[in-house]
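For reference, the structure discussed in these notes is given below.
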Amino acid sequence: MAQPQAAMYTIQLLDALQETRARTLELVADLNDEQMMGPRLQIVNPLRWEIAHVAWFQEIWILRYLGRHPPILQHGDELYDSARVSHDTRWDLPLLTMDETLSYMQQVLERIIDQTSRADEAPAGIMKDAEGYDESYFLHLALFHEQMHDEAITYTRQTLSYPPPAIIAVVQGDHDSVFEKGPLAEQSTASLTQADASNCATGDAQIPGGKFLLKALSLIMSSGLTRLGWHLLRSQRQP
């Protein structure tokens, strides 16, 4: 059985995965079927493919690699493995429908929670792979990968001139208190307190030209988690 401190840390990671999944779904909740595919562009993915890829990535590393479970989808690797599926073909694939995609994403997340909970309660304790990397490593991998794609979904919406998403914003320093932010372009901060408004992004972020790492990946690389960073880089060899 996992030590109490390790078990608590695992619970926090699972909470973060669920919070991030809620944000992923918020970022696409208002889009119709046509918008979820979008035009064929080299710099973005079809969003219906992208959110299913997020779930597939979690399934293959946590459920299939670490947990040794069989695939949930019969042809999932042929559809959602970004290292195998050429970017330009992703619009032409027989993807899951939107309802099927959401169901698949939920199945994967629920099974990860169940597998991790069972492992922590087992006499052998925390699951590890043959190289000694434990479930915490793979939960981090899944978490940072989904957060990275949330950033990609955000800039895809802007690239395609979609309206800003309606999201729930958490007031910094008070994570038990949330307020409805609504579409960023339309939201008035008049009803918010001054402190709330100061934490509410209402415009574009000005980024100097040049090469840079997106936030989630830059945190991984700067923290020295090089193998984890390598896995993320490998998963993103194509956009």
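The values are calculated or read from the model by the stated rules, or taken from the named source; none is laboratory data. In this text the structure is predicted, and so the values were computed from the model without any measurement. Glycine gets a Cβ as well: all are built from the backbone with ideal geometry, and neighbour counts include every protein chain shown.
Please specify each residue of the stretch 95-137 satisfying the condition of being of a type in the set (D, E), modelled with pLDDT of 85 or more and buried (at least 16 other Cβ atoms within 10 Å of the Cβ). Before the answer, list the steps.
Within the stretch 95-137, the first condition is being of a type in the set (D, E), and the residues that meet it are 99-100, 110, 114, 120-121, 129, 131, 134-135.
Okay, now just the ones that are also modelled with pLDDT of 85 or more, so 99-100, 110, 114, 134-135.
Once the filter is applied, which keeps residues that are of a type in the set (D, E), modelled with pLDDT of 85 or more and buried (at least 16 other Cβ atoms within 10 Å of the Cβ), the stretch 95-137 yields D134, E135.
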May I ask you to list the residues in the stretch 44-89 that are within 23 Å of T20 (Cα to Cα) and β-branched (V, I, T)? V44, I51, V54, I60, I62, I72
Given the criteria more than 18 Å from the chain's Cα centre (by Cα) and modelled with pLDDT of 95 or more, does V85 qualify? yes
Out of curiosity, is D92 surrounded by fewer than 18 Cβ atoms within 10 Å (Cβ to Cβ) and not in a helix (DSSP H, G or I)? yes
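One line per residue, one yes/no per condition, for (1) of a type in the set (A, V, I, L, M, F, W, C); (2) more than 25 Å from P163 (Cα to Cα); (3) assigned to a helix (DSSP H, G or I):
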| site | (1), (2), (3) |
| --- | --- |
| E19 | no, no, yes |
| H69 | no, yes, no |
| L73 | yes, yes, no |
| V85 | yes, yes, no |
Q42 vs (1) of a type outside the set (G, A, S); (2) exposed (fewer than 15 other Cβ atoms within 10 Å of the Cβ); (3) without any contact (Cβ under 8 Å) to a residue 60 or more places away in the chain; (4) in a loop (DSSP other than H, G, I, E, B): all pass except (3)
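With the requirement that a residue be among the aliphatic types (A, V, I, L, M) and not in a loop (DSSP other than H, G, I, E, B), what does the stretch 131-164 give you?
Within the stretch 131-164, the first condition is being among the aliphatic types (A, V, I, L, M), and the residues that meet it are 139, 141-143, 148, 152-153, 160.
Listed by number, the residues that qualify are L139, L141, A142, L143, M148, A152, I153.
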So T24 fits all but one of (1) surrounded by 13 or more Cβ atoms within 10 Å (Cβ to Cβ); (2) in a loop (DSSP other than H, G, I, E, B); (3) at pLDDT 95 or above; what number is the exception? (2)
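Would you check if there is a residue in the stretch 167-177 being assigned to a loop (DSSP other than H, G, I, E, B) and modelled with pLDDT of 65 or more? Before the answer, list the steps.
First pass over the stretch 167-177, keeping only residues assigned to a loop (DSSP other than H, G, I, E, B): 167, 171-177.
Applying the additional criterion that residues be modelled with pLDDT of 65 or more yields 167.
The answer is yes; a qualifying residue exists.
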